[in-house]
1. Considering region 9-23 alone, what residues qualify as being in a helix (DSSP H, G or I) and of a type outside the set (S, T, N, Q)?
2. Has region 52-67 got any residue that is modelled with pLDDT of 95 or more, within 21 Å of the chain's Cα centre (by Cα) and within 18 Å of ALA133 (Cβ to Cβ)?
3. What's the number of the condition PHE74 fails, among (1) hydrophobic (A, V, I, L, M, F, W, C); (2) more than 22 Å from LEU14 (Cα to Cα); (3) assigned by TED's automatic domain parsing to the domain that holds SER10?
4. Could you tell me whether any residue of region 89-97 is of a type in the set (A, V, I, L, M, F, W, C) and at pLDDT 95 or above?
5. Would you point out the residue of region 205-247, among those that are β-branched (Val, Ile, Thr) and outside any helix (DSSP H, G or I), that is surrounded by the most Cβ atoms within 10 Å (Cβ to Cβ)?
6. Which numbered condition in (1) outside any helix (DSSP H, G or I); (2) closer than 21 Å to LEU169 by Cβ; (3) among the basic types (Lys, Arg) is the only one that LYS5 fails?
Amino acid sequence: MNKVKIITDSTCDLGKDLAKEFDVEIVPLYVIFGDHSYEDGVEITTAEIYKKVEELGELPKTSAITTPILVDIFSKWYNEGYDIVFTGISSKMSRTYQSAVLAAEEVNPEKDRIYIVDSKNLSTGIGLLVVHACMDRDKGLSAKEIAENMAYNADRAKVQFAIERMDYLHKGGRCSGVARFVGTILSMKPIIFVRDGAMSVGRKPIGKMKVALNSMLKLLIEDKEKDNVREDVIFVTHSIAVESCAYLLPEVKKLYPNARVIETVAGGVIASHCGPGTIGILYICKEPVK
C-alpha cells in the first residue's frame, strides 16, 4: 500500500506548528487589496489584514487556489509514490474544491490514488477533518479509507462562531440573514452556524460578548449531556479575540478535561470575512449535525 499525503488549504486555520506536527501540506488561498495579491498565511497575517482595512477603509477580496497550482502540488507527491487526500474550504464558499477535482482528474485520470473531499466547512471545521485524517493515516489506513472517514466526519463537524462586529460578514455577503440585522440591533453578537457547507445566523444573543460566549458554551454543554461529542480534539479558534479566548478556553477544558483542546488563530481568508473579535468552538459530533 502506498504512503498517504494529506493536503489542505489555508482556510483550515491549523497554523504552521500544527501543520508540522501532523505532517500536513497547506496550500494558501489569496487575500487581495486593490492590485496586490497576498498568499494567505505566507505573505500576510491576520493582524496585517486588519491594519490594512483600517488604513484603506475597505475590506479585502479573497481568491481560490487555481487548478494549475494544485496540479503541480498533486504531481509532486503522486510522482513520489504517495496517494493523496485533499480537502479545503466548502464547495459552497469557494472554487477551490472544483479546482482540486479538476487537478486530480488531470494528474490521476484513473481516480484511484487522489481523493478530493468536500469539507462542507471552513476554519478549523476543516482542521478537525484534517487532524482526524492524520490519525487515520498514522493507523495505516489507505487513502480511500481516510477519504471515506473524512466525508463521514464532514457531516458531523459542529462549527459555531460568535461575531463581535457584523460589518465584515455583511459587506462580504457570505452569511445569510446578516443583512437584516445590521444597523438595527447594534448590541447583537450573533452566533454563526456552519451547516451543510454554508453560514447562517443560528442564535442572536443581545448584550456584551460574554453573553454570546456563554451561548456557545450552552450548545457544547447540551451536546455533552446527550453524549454527542467525540472527546479527542476540540478547537477554540479566534480572530485576535484575546479576552474572549482567555474566558472561553478554560471553560471548554473544564467541560472536557480528557480532550486535547487546541487554541488557534484564524488565518487571513477567514479573518477577511468574519472580522476581528470572532471566536468559535469546533468539534466532531457522534451524530450528523443538523
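1. Correct list: CYS12, GLY15, LYS16, ASP17, LEU18, ALA19, LYS20, GLU21, PHE22.
2. No: region 52-67 contains no residue that is modelled with pLDDT of 95 or more, within 21 Å of the chain's Cα centre (by Cα) and within 18 Å of ALA133 (Cβ to Cβ).
3. (2) is the only condition that PHE74 fails.
4. yes
5. My answer is THR237.
6. (2)
A quick yes/no check of all residues on (1) closer than 22 Å to ALA154 by Cβ; (2) of a type in the set (S, T, N, Q); (3) not assigned by TED's automatic domain parsing to the domain that holds ILE240:
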| position | (1), (2), (3) |
| --- | --- |
| GLU39 | no, no, yes |
| THR46 | no, yes, yes |
| LYS51 | no, no, yes |
| LYS92 | yes, no, yes |
| ILE116 | yes, no, yes |
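The rows are residues; the columns are (1) without any contact (Cβ under 8 Å) to a residue 40 or more places away in the chain; (2) of a type in the set (Lys, Arg); (3) within 20 Å of LYS3 (Cβ to Cβ).
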site	(1), (2), (3)
GLU58	yes, no, no
LEU70	no, no, yes
TRP77	no, no, yes
SER90	no, no, no
SER99	yes, no, no
LEU102	yes, no, no
LYS111	yes, yes, yes
TYR115	yes, no, yes
LEU122	no, no, no
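The values are calculated or read from the model by the stated rules, or taken from the named source; none is laboratory data. All of these numbers come straight from a predicted model, not from anything done at the bench. Here Cβ is always computed from backbone atoms with ideal geometry, including for glycine, and neighbour counts include all displayed protein chains.
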